[in-house]
1. Are any residues in the stretch 1-30 acidic (Asp, Glu) and open to solvent by less than 70 Å² (accessible area, probe 1.4 Å), and if so, which ones?
2. Of all residues in the stretch 38-54, which are in contact with a helix residue (DSSP H, G or I) (Cβ under 8 Å, 6 or more places away or on another chain) and open to solvent by 60 Å² or more (accessible area, probe 1.4 Å)?
3. Return the only residue of TYR127, TYR169 being at negative phi, assigned to a strand (DSSP E or B), among the hydroxyl-bearing types (Ser, Thr, Tyr) and under 13 Å from the mean Cα position of the chain (by Cα).
4. Only one of these conditions is not met by VAL72: (1) in contact (Cβ under 8 Å) with a residue 12 or more places away in the chain; (2) of a type outside the set (Lys, Arg); (3) assigned to a loop (DSSP other than H, G, I, E, B); (4) within 25 Å of ARG210 (Cβ to Cβ). Which number is it?
5. Mind listing just one residue for me: the one in the stretch 180-199 that is in contact (Cβ under 8 Å) with a residue 40 or more places away in the chain and open to solvent by less than 60 Å² (accessible area, probe 1.4 Å) and, of those, farthest from PRO88 (Cα to Cα)?
6. Of the residues HIS146, HIS157, which is of a type outside the set (Val, Ile, Thr), closer than 21 Å to LYS118 by Cα and either open to solvent by less than 80 Å² (accessible area, probe 1.4 Å) or touching a residue at least 24 places away in the same chain (Cβ under 8 Å) (or both)?
Amino acid sequence: LFGSPNPNVRVPATYEAVLNPSRYEAFTCAKHMTDDSVEIDVDSRGEPLWRWQRRLPPVTSTMEHEWVEAGVLDPKAARFYPSDVDHPLDRVILHRGTVRWNAHRKRWVLIAGQVFGKPSMLGEIWYSEADLPTGPFEKAVKIVTHDRQSFYNVCHHEFLDRSAGREIYFEGTYTDTFSGNPHKTPRYNYNQILYRLDLDSDALTRAFPRE
């Protein structure tokens with residue numbers, strides 16, 4: 001499984017399969033797609049039918065946003081387009097990020113940036129979690145903000161996890177690029193910054209109470 005931020009492509013974990021494009025599968029709920037429209041595949045209950053297949057491209061957060069705006073997908077059925085915990089009517093269009101299994105939460109945790117966020121267009125970082133690596137990631141908590149700066153290509157380095165997964169570390173590229181801010185941060189601009197996140201923090205445990 002791989003993809004950024006959501007694992008929406010898969011291939012058998014063998015050298016031969018990785019080299020064979022016909023072995024790759026994409027995760028989608030679409031039945032038919034064109035450049036201008038999409039038809040959602042549904043099950044007997046009328047719910048989107050998510051499946052692995054080889055004919056259509058994988059679904060992304062941006063695609064789900066467009067489908068919701070077009071009225072063809074119920075936002076509650078989205079898997080990669082979470083709602084803001086503090087403002088449930090607002091949804092987060094995910095940019096780059098990662099999904100990793102977390103031993104402490106015993107769930108798959110997502111750390112990802114947001115495109116067209118506020119107060120920074122590409123500097124707001126979000127946390128979410130789900131029972132499966134493919135979601136649904138129904139809600140998200142903002143964990144870092146970069147006022148008028150960019151912070152992108154976020155990556156959670158699970159090999160740095162500490163305290164049995166309670167403390168995790170993620171990094172990203174910090175820069176004024178794409179931000180519209182003419183002021184560069186001395187010694188930090190266009191550099192990597194590593195953050196530590198405590199998964200037992202109040203904001204996260206309130207949003208994702210443990211069973």
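The values are calculated or read from the model by the stated rules, or taken from the named source; none is laboratory data. Because the structure is a prediction, the values reported are computed rather than measured. Every residue, glycine among them, receives a Cβ derived from its backbone with ideal geometry; neighbour counts consider all protein chains shown. Side chains included, ligands, DNA and RNA excluded: accessible areas come from the protein's heavy atoms. Shrake-Rupley method; radii C 1.70, N 1.55, O 1.52, S 1.80 Å.
1. Within the stretch 1-30, just GLU25 meets the criteria.
2. Passing the criteria: GLU47, ARG54.
3. The unique qualifying residue is TYR127.
4. Result: VAL72 passes all but (4).
5. ILE193
6. Just a single option satisfies the conditions, and that option is HIS146.
Quick grid of which residues meet (1) more than 25 Å from SER83 (Cβ to Cβ); (2) out of contact with any strand residue (DSSP E or B) (no Cβ under 7 Å at 6 or more places or on another chain):
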{"position": "TYR127", "(1), (2)": "no, no"}
{"position": "SER150", "(1), (2)": "no, no"}
{"position": "HIS156", "(1), (2)": "no, no"}
{"position": "GLY172", "(1), (2)": "no, no"}
{"position": "GLY180", "(1), (2)": "yes, yes"}
{"position": "GLN192", "(1), (2)": "yes, no"}
{"position": "TYR195", "(1), (2)": "no, no"}
{"position": "LEU199", "(1), (2)": "no, no"}
{"position": "THR205", "(1), (2)": "no, yes"}
